[in-house]
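The values are calculated or read from the model by the stated rules, or taken from the named source; none is laboratory data. Just so it is clear, the model here is predicted, and its values are computed rather than measured. Note that we place each Cβ from the backbone using ideal geometry, even for glycine, and neighbour counts take in every protein chain shown.
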Amino acid sequence: MEKDKENYTAMCYTKDIEKTLGNLCEDKKGKIYVGYPGIGKSTICKKIDNCVDLESSNFVINGKRDEDWYKVYGKIAKHLSDQGKIVFTSAHAELRNYLTSEGIEYTAIYPSMSLKEEWLAKLKERYEEEDTPKNYNAYLRAVTNYEKDIDGFS
């Protein structure tokens, strides 16, 4: 399911998302993809030379983010895409709102509401396999906010 909304396209997750994104990324043009946790950002970037997985957890210092961290993060994503890079970012609402307000084009990728249980299981398994703060926070966020997060994309 795709829908245009001002300066972004929303693409709801399907089982073939990796193939779909791989095809989208083949043109090697600069582009920003805003992706929900577990969507495959890191996996896809490992397979594409011109790809940057811009990790938002790198913007946390001593357990906190600066108040306007998303502006710096968004500007970095924009600069990289302007250089022709395919950039995958987090899907934080602050970032999406910032990109929209600045007129920066992006594609948002997220799971459908119907995949909630499958998605929670996927994120839990990822956390259990690799016990990192990033994976724990992604799982905890989805457990407590899945519906709100997914509704925020529409």
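Quick notes on this one:
- Residue count, region 112-137 (criterion: charged (D, E, K, R) and in contact (Cβ under 8 Å) with a residue 24 or more places away in the chain): 4
- Filtering region 117-154 to residues that are of a type in the set (G, A, S), within 20 Å of V34 (Cβ to Cβ) and surrounded by fewer than 17 Cβ atoms within 10 Å (Cβ to Cβ) leaves G152, S154.
- Screening A138, A108 for residues that are at pLDDT below 95 and touching a strand residue (DSSP E or B) at 6+ places or on another chain (Cβ under 7 Å) leaves exactly one candidate, A108.
- Set I76, I86, I48: member being crowded, with 18+ Cβ neighbours inside 10 Å, among the aliphatic types (A, V, I, L, M) and within 24 Å of N135 (Cβ to Cβ): I86
- The C-beta contact set for region 61-77 (first residue basic (K, R) and at pLDDT below 90, second residue surrounded by 15 or more Cβ atoms within 10 Å (Cβ to Cβ) and assigned to a helix (DSSP H, G or I), distance under 7 angstrom, 6+ apart or interchain) comprises R65/F59.
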